[in-house]
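Below: one structure, written as structure tokens.
The values are calculated or read from the model by the stated rules, or taken from the named source; none is laboratory data. Source: prediction; values computed, not measured. Quick reminder, even Gly has a Cβ in these numbers, built from the backbone with ideal geometry, and neighbours come from all protein chains shown. Remember, those area values only see protein heavy atoms, side chains included, never the ligands or the DNA or RNA. Shrake-Rupley method; radii C 1.70, N 1.55, O 1.52, S 1.80 Å.
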Amino acid sequence: MSFPLKHYRGISVVINLKIVAENPPEILSESGIDILDFKEKFCADGNCFVMRAKDEIEHIFSELYCVPDCLQKPYFKIKVQELFLFLCMVDVSKEKQREQYTSPQVEIVREIHKKLISNLQERPTIDELSKEYLINTATLKNTFKGIYGQPIGAYMKEYRMKQAAILLRQTQSTIAEIANQVGYENQSKFATAFRDILKIPPAEYRKQNSSD
């Protein structure tokens, strides 16, 4: 499994369904859950079921990050059983599956991302990127959004403004110069974009964040 953003937080639970089915914990035994059904339910035809984030799942494990070390193991055992009960109620047919991307697609999009952020003064179009990297435009847009969480345009706008904020704090460059450095020839359009993302005009941002 690849995490292109290079960060994740979570817990891995590896389960031998046959052993659990033969010796189920008391709670699961009382529930009447057929543990062996889980394989067919969530891994039908050898596919991997990936569920989108839910408050219910967050609730199951969130407490584990703040309990004392001496309680983590027994607490974890309870939480895994709670997870089983939750998964028993999940209707796979009603869950919206996350898109799955091939490794070559991910690598190409990572290269495109690297190109986009390496020179903010350049503004290649999606068609130009598609031709340069030999990837379908729809695949490029869908894969980029799946990996980085936003469409290319929205992602780059936010990235440019965050870089502009750094320049406003750390350099003495004029706002016009900074606008140009992050890909805006028009200072007015830059100021509008900056307000859209940071909710404050660039001049006011610099005033509030400038050091003595």
Any idea how many residues of segment 36-71 are open to solvent by less than 100 Å² (accessible area, probe 1.4 Å) and on the phi > 0 side of the Ramachandran plot?
1
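Might you check whether a residue that is touching a Phe, Trp or Tyr at 6+ places or on another chain (Cβ under 7 Å), within 15 Å of residue 80 (Cα to Cα) and not in a loop (DSSP other than H, G, I, E, B) occurs anywhere in segment 28-48?
Yes; the residues of segment 28-48 include at least one that is touching a Phe, Trp or Tyr at 6+ places or on another chain (Cβ under 7 Å), within 15 Å of residue 80 (Cα to Cα) and not in a loop (DSSP other than H, G, I, E, B).
Hey, can you tell me all the residues within segment 183-194 that are surrounded by 16 or more Cβ atoms within 10 Å (Cβ to Cβ) and part of a helix (DSSP H, G or I)?
The first filter runs over segment 183-194 and keeps only residues surrounded by 16 or more Cβ atoms within 10 Å (Cβ to Cβ), leaving 183-184, 187, 190-191, 193-194.
Passing the criteria: 187, 190, 191, 193, 194.
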Regarding residue 128, is this residue open to solvent by 90 Å² or more (accessible area, probe 1.4 Å), acidic (Asp, Glu) and more than 28 Å from residue 102 (Cα to Cα)?
no
Can you list residue pairs whose Cβ atoms sit under 8 Å apart, with the first residue in segment 36-48 being over 14 Å from residue 91 (Cα atoms) and the second being at pLDDT below 85 and open to solvent by 60 Å² or more (accessible area, probe 1.4 Å)? Count only pairs 6 or more apart in sequence or on different chains.
48/100
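So, residue 177, is that one without any contact (Cβ under 8 Å) to a residue 24 or more places away in the chain, among the acidic types (Asp, Glu) and touching a helix residue (DSSP H, G or I) at 6+ places or on another chain (Cβ under 8 Å) or not?
Details: without any contact (Cβ under 8 Å) to a residue 24 or more places away in the chain: yes; among the acidic types (Asp, Glu): yes; touching a helix residue (DSSP H, G or I) at 6+ places or on another chain (Cβ under 8 Å): no.
Considered against the rule, which asks whether it is without any contact (Cβ under 8 Å) to a residue 24 or more places away in the chain, among the acidic types (Asp, Glu) and touching a helix residue (DSSP H, G or I) at 6+ places or on another chain (Cβ under 8 Å), residue 177 comes out as no.
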Candidate set from segment 1-19 (those that are among the hydrophobic types (A, V, I, L, M, F, W, C) and farther than 17 Å from residue 87 by Cα); member that is modelled with the highest pLDDT
19
Residue satisfying condition, being surrounded by 14 or more Cβ atoms within 10 Å (Cβ to Cβ), in contact (Cβ under 8 Å) with a residue 12 or more places away in the chain, of a type in the set (Val, Ile, Thr) and not in a helix (DSSP H, G or I), within set 135, 112, 147, 108:
135
Looking across segment 15-35 at residues that are within 19 Å of residue 90 (Cβ to Cβ) and under 31 Å from the mean Cα position of the chain (by Cα), the single one that is surrounded by the most Cβ atoms within 10 Å (Cβ to Cβ) is 35
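Is one or more of the residues making up segment 168-182 open to solvent by 90 Å² or more (accessible area, probe 1.4 Å) and over 31 Å from the mean Cα position of the chain (by Cα)?
Just the residues of segment 168-182 that are open to solvent by 90 Å² or more (accessible area, probe 1.4 Å), to begin with: 169-170, 172, 177.
Retained after the next criterion (residues that are over 31 Å from the mean Cα position of the chain (by Cα)): 172, 177.
Yes, segment 168-182 contains at least one residue that is open to solvent by 90 Å² or more (accessible area, probe 1.4 Å) and over 31 Å from the mean Cα position of the chain (by Cα).
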